[in-house]
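Please read the structure below before turning to the comments.
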Amino acid sequence: MTLSEENKKQANAQRFGLYLGLASIAMLFTALTSAFLVRQGAGNWLFVNLPIQFWISTVVIILSSITFYYAKAAHASANISQYRLLIWTTFILGIAFILLQYMGWLAMANTGVYLDGNPGGSFIYVISMVHVVHVVLGLVLLAIVSIRTTIKSHNPDHLHKIGLMATYWHFVDFLWIYLFIFFQIKFF
Amino acid sequence: MSEKDIHHGHHEHPKGATITDHVHYQDTEGVIRFEEDHGHHDADRNKKNFIHTYIFSTDHKMIGKQFLITGIFWALIGGGLSNIFRMQLGFPDVPLHFIGAIFGDKWAPNGVMTPDFYNMLITMHGTILVFFVLTAGLSGTFANLLIPLQIGARDMASPVLNMLSYWFFFLAGLVMFISFFVPSGAAGVSWVFYPPLSAIRESSVGSETGADLWLVSMSFFIVSSLLGGLNYITTILNLRAKGMSMAKLPLTIWALLITAILGLLSFPVLLGAAILLMFDRSMGTSFYLDKIYMSGIGAMPHEGGNPILYQHLFWFLGHPEVYIVILPAFGIVSEVLAVNSRKPIFGYRAMVLSMLAIAALAFFVWAHHMFVTGLNPFVGSVFVFLTLLIAIPSAIKVFNWITTMWRANIRYTPAMMFSVGFVSLFISGGLTGIFLGNSAIDIQLHDTYFIVAHFHIVMGVAAFFGMFAGVYHWFPKMFGRFMNRTMGFIHFWITFVGSYCIFWPMHYQGMAGVPRRYYSHGAFESFNKFGGLSEFITIAAIVVFLAQLLFVFNYLYSMYRGKKMTDLNPWKANTIEWTTPINPGHGNWDGPIPTVHRGPYDYGKDGEDFIPQTVPMRPGETTHHG
Ligand code: HEM
Ligand SMILES: [Cu+2]
């Protein structure tokens with residue numbers, strides 16, 4: 001087996017491992033949203049209209065996925081200065097998302113929906129908090145990957161890491177869109 | 001150095017390792033580099049010091065041993081706890097002064113334990129044995145030891161995540177251990193942690209700080225399991241040696257693969273349940289709590305939650321969890337039975353398919369733990385049907401194990417004895433499962449000693465037997481020495497007979513309605529007739545526990561003094577872990593990884609006693625063991 005073939009095997013293994021990790025995160029949210037659904041079906045449910053901050057944060061996280069997409073493309077075509085710009089934009093959008101979520105929670109509290117009130121509100125708080133934890137984790141990893149890939153000289157191995165990072169990022173993005181839509185639906 | 005320099009630039013080769021197959025080894029290591037490419041490993045990699053080799057090791061074999069030794073530690077604690085509460089059940093009048101000495105006098109005034117202490121003991125006993133010993137100790141040990149060795153890989157896909165998996169487990173254990181010594185004691189709400197008892201701090205002593213620590217500890221534990229499982233699956237599916245197709249995998253590997261998949265899909269659900277519980281406990285939410293009036297406190301502020309929701313989430317993990325515990329034992333036992341019967345495992349493909357079927361069904365039967373929760377009877381009948389379906393793949397497995405031994409020239413080793421014992425236990429405990437799977441019968445038997453008997457035989461003791469079989473069998477691979485046979489047989493007979501003595505009588509107690517999780521049955525006239533039986537059970541439990549000390553002694557003694565291994569393949573087995581050097585270095589094979597040509601169960605084929613997996617197929621030879 002040649003070296004590059006061996007390396008490809010490991011790159012595939014890592015990507016595969018990442019998918020497994022995403023599958024287990026997906027199971028966590030499946031559990032939480034099923035609990036949401038079952039509880040909603042039991043009645044005595046406060047339906048919460050999501051505050052405007054959550055709408056904005058949704059746009060922001062979608063934008064961050066788009067900038068990440070182009071960042072990766074820029075790196076692939078060895079356009080490093082553009083890559084640098086786009087990847088840090090992604091990073092800043094990620095921070096903006098977290099701040100907006102935080103403002104969203106404050107706004108919910110301002111309209112009288114408290115964490116310890118009716119489960120209809122509590123679920124939204126807790127599920128979105130657990131989601132934010134995954135975004136924070138993503139940001140930490142993104143910071144590491146960005147620093148490494150912008151400071152160190154260009155290296156084909158970087159693209160692989162950026163690819164893995166992008167997959168994770170798009171995943172938490174889609175996860176939020178799913179949750180966002182889920183919270184808006186009156187199931188019962 | 002040259003090829004590597006081209007590829008990895010500045011990385012140094014670990015000179016301490018006894019590897020000659022440089023190209024391969026460095027590439028396997030490449031995976032590590034992707035993750036910790038900070039440059040620090042350039043430093044003193046060749047000075048493999050103590051910390052690197054024994055503590056923060058990334059060698060899967062060492063991590064496997066770490067899981068095993070930690071598992072043994074917890075087994076002694078968890079088992080010891082059971083002896084203490086069995087004393088309360090069998091001999092409530094005998095004062096136990098050591099309880100006060102270890103845990104503080106308030107738990108056992110004058111040597112008589114309090115009900116709160118009893119609850120703490122059973123909770124910790126269940127948690128420790130189910131999760132720390134039979135999940136981490138069993139899967140962690142054998143997945144780490146066997147996966148790379150039996151599929152022909154240098155190490156796990158990510159040795160660093162693998163190491164982290166162990167250290168999260170260690171941390172989980174540390175937190176659990178500390179929880180024994182906080183003022184309100186460890187958690188005392190039983191291992192299933194049902195709310196409202198677990199969700200309201202004021203509801204019992206065991207619901208206070210101990211329960212917080214339990215939740216923290218379990219969260220670490222879940223992270224550990226996920227990291228481990230992710231690695232095991234990735235490794236098995238991506239890093240197999242040349243020729244090692246899925247159909248040539250030893251059944252141990254199939255079992256560990258399916259176990260890891262179950263864990264990866266079910267542990268996150270437990271984490272979700274635990275997160276909601278933590279919020280209910282600490283943030284005043286009402287996920288699991290509805291209006292509750294507590295004497296001495298008044299009305300609780302919670303409203304609108306449902307405790308049954310927790311049970312659904314818990315058992316969605318909980319039922320797959322029991323298979324996470326037993327599947328590795330399935331794999332080990334299949335391997336050991338075939339090797340020592342000198343016959344191919346009967347129906348390799350059926351063995352794999354039945355494990356897959358059991359694993360798939362495991363996700364659709366959780367409500368059989370909830371027949372008495374007011375479940376809609378129609379829904380209940382669906383769960384009865386799905387539950388009883390599990391009997392089919394289970395029966396296939398039992399049939400195939402027995403057929404493998406049928407008319408075999410059996411070689412009796414301690415590992416083989418424990419494997420045969422496993423089959424016996426699995427039959428005994430599986431049969432009572434069929435009783436319990438019928439909701440009409442379960443309504444009578446639920447929460448009685450019948451349940452305790454059922455799951456200790458089919459899961460607790462059986463999984464321990466799988467673990468013992470594995471340790472006796474692969475001890476030479478771990479330490480280059482054999483465990484003492486005589487001590488092994490004594491250990492087997494006492495444990496086998498003793499375990500039946502402990503758990504068989506419990507069926508009768510359960511059928512008579514004796515409830516589980518009671519501190520004392522003395523107040524109930526109708527249960528008094530079981531006093532003598534309870535004493536007998538307690539004595540048997542103590543004897544069995546003492547026999548385990550013999551095992552631990554044998555283990556430690558043999559590590560240093562055991563008979564040395566001289567033959568590479570002492571059991572004359574086909575699998576490729578026996579082609580490595582006696583004390584394999586990090587990287588496992590000195591030369592290139594062997595190529596695999598045939599399935600793992602070519603025993604007694606074409607007049608040959610055994611044909612290792614590395615032997616090429618002869619012209620015209622067929623793989624008749626499908
Ligand atoms: C034919 C197969 C089996 C069937 C039909 C079955 C059925 C059941 C049922 C219905 C219960 C609930 C009883 C109750 O609480 O009222 C139960 C409890 C239990 N079973 Fe099984 N079982 C089977 C095999 C197994 C196996 C293979 C394991 C583990 C390896 C296992 C482990 C357990 C455990 C741990 C509990 C009790 C948990 C608790 O309440 O603390 N069972 N079983
Ligand atoms: Cu079950």
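The values are calculated or read from the model by the stated rules, or taken from the named source; none is laboratory data. Predicted model only: the values in this text are computed from it and were never measured. A quick note on method: Cβ atoms are made from the backbone with ideal geometry, for glycine too, and the neighbour counts reach across all protein chains shown.
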Check: Do the conditions hold for A:GLY121, that is, is it away from chain B (no Cβ under 14 Å) and under 14 Å from A:PHE183 (Cα atoms)?
Finding: no
- Task: Return yes or no: is A:HIS160 at pLDDT below 95, over 30 Å from B:PRO301 (Cβ atoms) and touching a helix residue (DSSP H, G or I) at 6+ places or on another chain (Cβ under 8 Å)?
- Result: yes
Q) Would a scan of segment B:333-352 turn up a residue that is more than 16 Å from ligand 2 (Cβ to nearest atom) and closer than 30 Å to B:ASP447 by Cβ? A) no
Picking from B:MET218, B:MET163, the residue that is of a type outside the set (Lys, Arg), in the same structural domain as B:HIS312 (by TED's automatic domain parsing), farther than 30 Å from B:THR580 by Cα and part of a helix (DSSP H, G or I) would be B:MET218
Cβ pairs under 6 Å, 6+ apart or interchain, first in segment B:358-378 and under 16 Å from B:ILE326 (Cβ atoms), second assigned to a loop (DSSP other than H, G, I, E, B) and within 11 Å of ligand 2 (Cβ to nearest atom), ordered by first then second residue, are B:LEU361/B:ILE390
B:ILE258: passes all of (1) surrounded by 24 or more Cβ atoms within 10 Å (Cβ to Cβ); (2) within 12 Å of chain A (Cβ to nearest Cβ); (3) within 27 Å of B:MET351 (Cβ to Cβ); (4) β-branched (Val, Ile, Thr) but (2)
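One line per residue, one yes/no per condition, for (1) of a type outside the set (Asp, Glu); (2) more than 22 Å from the chain's Cα centre (by Cα); (3) more than 16 Å from ligand 2 (Cβ to nearest atom):
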site: B:PHE418; (1), (2), (3): yes, no, yes
site: B:GLY429; (1), (2), (3): yes, no, no
site: B:ILE434; (1), (2), (3): yes, yes, no
site: B:PHE464; (1), (2), (3): yes, no, yes
site: B:TYR472; (1), (2), (3): yes, no, yes
site: B:MET478; (1), (2), (3): yes, no, yes
site: B:GLY488; (1), (2), (3): yes, no, yes
A:ILE127 meets each of (1) farther than 30 Å from B:LEU309 by Cα; (2) within 14 Å of chain B (Cβ to nearest Cβ); (3) touching a helix residue (DSSP H, G or I) at 6+ places or on another chain (Cβ under 6 Å) with one exception, condition (1)
Over segment B:307-332, the set of residues aliphatic (A, V, I, L, M), more than 16 Å from ligand 2 (Cβ to nearest atom) and away from every other protein chain (no Cβ under 14 Å) is B:ALA329, B:ILE332
Any hit, segment B:307-329, residues being in contact with a helix residue (DSSP H, G or I) (Cβ under 7 Å, 6 or more places away or on another chain) and away from ligand 1 (no atom under 16 Å from the Cβ): yes
Requested in this report: Taking A:ASN7 as the residue in question, decide whether it is buried (at least 16 other Cβ atoms within 10 Å of the Cβ), touching an Asp or Glu at 6+ places or on another chain (Cβ under 9 Å), within 14 Å of chain B (Cβ to nearest Cβ) and among the polar types (S, T, N, Q).
Outcome: yes
Scanning segment B:515-560 for residues that are in contact with a helix residue (DSSP H, G or I) (Cβ under 6 Å, 6 or more places away or on another chain) and not in a helix (DSSP H, G or I), the one nearest to B:GLY188 (Cα to Cα) turns out to be B:TYR519
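If the requirement is being part of a loop (DSSP other than H, G, I, E, B) and either away from ligand 2 (no atom under 16 Å from the Cβ) or at pLDDT 95 or above (or both), which of these qualifies: B:GLY304, B:GLY272?
Answer to the check: B:GLY304.
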Note on segment B:377-416: residues within 25 Å of the chain's Cα centre (by Cα), within 16 Å of ligand 2 (Cβ to nearest atom) and small (Gly, Ala, Ser) are B:ALA391, B:SER394
